Amino acid sequence: MNESCLFCRIVKGEIPADIVARTDDAIAFRDISPKAPTHILVIPKEHVASLDEVGDHMDLGFLVRLAREVAKQEGIGGSGYRVVINTGEDGGQTVNHLHLHVLGGRRMTWPPG
């Protein structure tokens, strides 16, 4: 855990969040500034700053599986959704804790912004 990390503080229950799913290793919660009708963040409970910091010990499959389950739970699994991992400042990462965005509920455009 990183005491100054916003998402670590959510994991610890110090900051409230609208949690929609939880496993032993991850949680999923609604983004407070949604970019689509459905916008859920999926994060590991372990603090990892970004995709660049993922070590060989971490298989990210558990995050992707939770993203898929959240999409089904939210009713966007059949119509389609997007899973995004922003990495670094130029990649649009604003919180330095690895997280997946699950976006859906409308048609996604390409290329993204």
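The values are calculated or read from the model by the stated rules, or taken from the named source; none is laboratory data. Small disclaimer: the values here were computed from a predicted structure and weren't measured. For neighbour counting, all protein chains shown are included, and Cβ atoms are generated from backbone atoms with ideal geometry for every residue, glycine included.
So, of the residues in region 44-88 that are among the hydrophobic types (A, V, I, L, M, F, W, C) and part of a loop (DSSP other than H, G, I, E, B), which turns out to be nearest to Asp31 (Cα to Cα)?
Quick first cut of region 44-88, residues among the hydrophobic types (A, V, I, L, M, F, W, C) only: 48-49, 51, 54, 58, 60, 62-64, 66-67, 70-71, 76, 83-85.
Checking the rest, the ones that are also part of a loop (DSSP other than H, G, I, E, B) come to 48-49, 54, 58, 60, 76, 85.
Numbers: Val48: 19, Ala49: 18, Val54: 23, Met58: 24, Leu60: 20, Ile76: 16, Ile85: 14 Å.
Checking each candidate, the answer is Ile85.
Checking each residue in region 54-113 for being among the aromatic types (Phe, Trp, Tyr) and in contact with a helix residue (DSSP H, G or I) (Cβ under 6 Å, 6 or more places away or on another chain) picks out only Tyr81.
Is at least one residue of region 2-9 modelled with pLDDT under 95, acidic (Asp, Glu) and loosely packed, with under 15 Cβ neighbours inside 10 Å? Even if it seems obvious, please write down each step before you answer.
Of the residues in region 2-9, the ones modelled with pLDDT under 95 are 2-4.
Filter once more, keeping what is acidic (Asp, Glu): 3.
Next cut, loosely packed, with under 15 Cβ neighbours inside 10 Å only: 3.
Within region 2-9, one or more residues are modelled with pLDDT under 95, acidic (Asp, Glu) and loosely packed, with under 15 Cβ neighbours inside 10 Å.
When Arg9 is tested against (1) in contact (Cβ under 8 Å) with a residue 12 or more places away in the chain; (2) assigned to a helix (DSSP H, G or I), only condition (1) is not met. Residue pairs whose Cβ atoms lie under 7 Å apart, separated by 6 or more positions or on different chains, with the first residue in region 35-63 and free of Cβ contacts under 8 Å to residues at least 12 places away in the same chain and the second assigned to a loop (DSSP other than H, G, I, E, B) and of a type outside the set (Ser, Thr, Tyr), are Leu60/Val54. Out of all the residues in region 99-112, is one or more surrounded by fewer than 18 Cβ atoms within 10 Å (Cβ to Cβ) and closer than 20 Å to Asn2 by Cα? No, region 99-112 contains no residue that is surrounded by fewer than 18 Cβ atoms within 10 Å (Cβ to Cβ) and closer than 20 Å to Asn2 by Cα. When region 20-34 is limited to residues that are free of Cβ contacts under 8 Å to residues at least 24 places away in the same chain and in contact with a helix residue (DSSP H, G or I) (Cβ under 8 Å, 6 or more places away or on another chain), the one that is nearest to Leu98 (Cα to Cα) turns out to be Ile27.
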